[in-house]
Amino acid sequence: MQLTTVRQAITSELPQIGHLAEIDPVTTKATIAIEVEDLLIFLNIGKVMNDSQIAQTIDLILVCYPELNLADVKLFFMWMKKGEYGKFYDRMDGSIILEAMEAYNLSKIDEVENIHREIKMKSIGGFHPKVIEVMNSAVNEYRKRKIEKPEAKRVLTDAELFYQRALKQFDNLHIGNDLTNRIYALSTGIRALRIGTEVFTIQDFVNRKIHNKINSPLFDY
């Protein structure tokens, strides 16, 4: 099968590069180096990276993105060649690769959440439309504020405050403390919690908080 989508990379079941680096760091780094060098040859640009710069870039990839698997790496560098992350104007270095990889990683996180949402919708029949409406509004507003830099500080809406509290609670459960001792955190490709028999990504956790809020007898939002 031709690898063309992030979803294919997610479902490929290939090992994560962080795990591979713990087992065989030399082979893992060499595998990524082949992709970097092939990219430089393909682009045929003037200002290229030397061996030291390539090595440092690979080390940073392993430190910053250990959750990516081998299919992710292959797909990412293929997209780099296709110009998915813009033109390089006769220059390529580690910062450009890492910036593009961050964009890829964000797209993978979004796709993982989409997959979990689809599974959840199929298993429980979907949330009430009012829940989806409130959730989408909160998520869109949050992402908008992450991208934009407003000139004046504004007062957060009730929905935004609720969303922030839910995210904070998720982080506290995932990080753990003297009481929880990380009993809820899962070691998977994404940040997730296991509460009872259910597994929650960040979005699943927020969805459930919104659902509980709306169905509370005191709900008046």
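Residues of segment 58-70 being within 22 Å of residue 6 (Cα to Cα) and either of a type outside the set (A, V, I, L, M, F, W, C) or free of Cβ contacts under 8 Å to residues at least 40 places away in the same chain (or both), which ones? Break it down stepwise before answering.
Residues of segment 58-70 within 22 Å of residue 6 (Cα to Cα): 58, 60-70.
Matches in segment 58-70: 58, 60, 63, 64, 65, 66, 67, 69.
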Please work out if residue 11 is of a type in the set (Ser, Thr, Tyr) and surrounded by 17 or more Cβ atoms within 10 Å (Cβ to Cβ). no
In segment 1-35, the residues that are assigned to a loop (DSSP other than H, G, I, E, B) and farther than 18 Å from residue 64 by Cβ: 1, 2, 3, 4, 5, 11, 12, 13, 14, 24
For residues in segment 36-92 being part of a helix (DSSP H, G or I), closer than 25 Å to residue 111 by Cβ and of a type in the set (Phe, Trp, Tyr), which is most open to solvent (accessible area, probe 1.4 Å)? 79
Looking only at segment 148-166, which residues are of a type in the set (A, V, I, L, M) and at pLDDT below 65? 152
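If I filter segment 42-49 for residues that are under 19 Å from residue 3 (Cα atoms) and at pLDDT below 95, do I get at least one hit? Spell out how you get there, then give the answer.
At the first step, the residues of segment 42-49 found to be under 19 Å from residue 3 (Cα atoms) are 42.
Next cut, at pLDDT below 95 only: 42.
Checking segment 42-49: at least one residue is under 19 Å from residue 3 (Cα atoms) and at pLDDT below 95.
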Mind checking which residues of segment 90-127 are more than 17 Å from the chain's Cα centre (by Cα), without any contact (Cβ under 8 Å) to a residue 40 or more places away in the chain and closer than 27 Å to residue 47 by Cβ? 95, 96
Among residues belonging to segment 117-133 that are part of a helix (DSSP H, G or I) and either touching a Cys at 6+ places or on another chain (Cβ under 9 Å) or open to solvent by less than 60 Å² (accessible area, probe 1.4 Å) (or both), point out the one that is modelled with the highest pLDDT. 120
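The values are calculated or read from the model by the stated rules, or taken from the named source; none is laboratory data. Keep in mind that this is a model prediction, so the values were computed, not measured. In this analysis, Cβ positions are derived from the backbone assuming ideal geometry, glycine residues included, and neighbour counts consider all displayed protein chains. We work out accessible area using only protein heavy atoms, side chains counted, and drop any ligands, DNA or RNA first. Shrake-Rupley method; radii C 1.70, N 1.55, O 1.52, S 1.80 Å.
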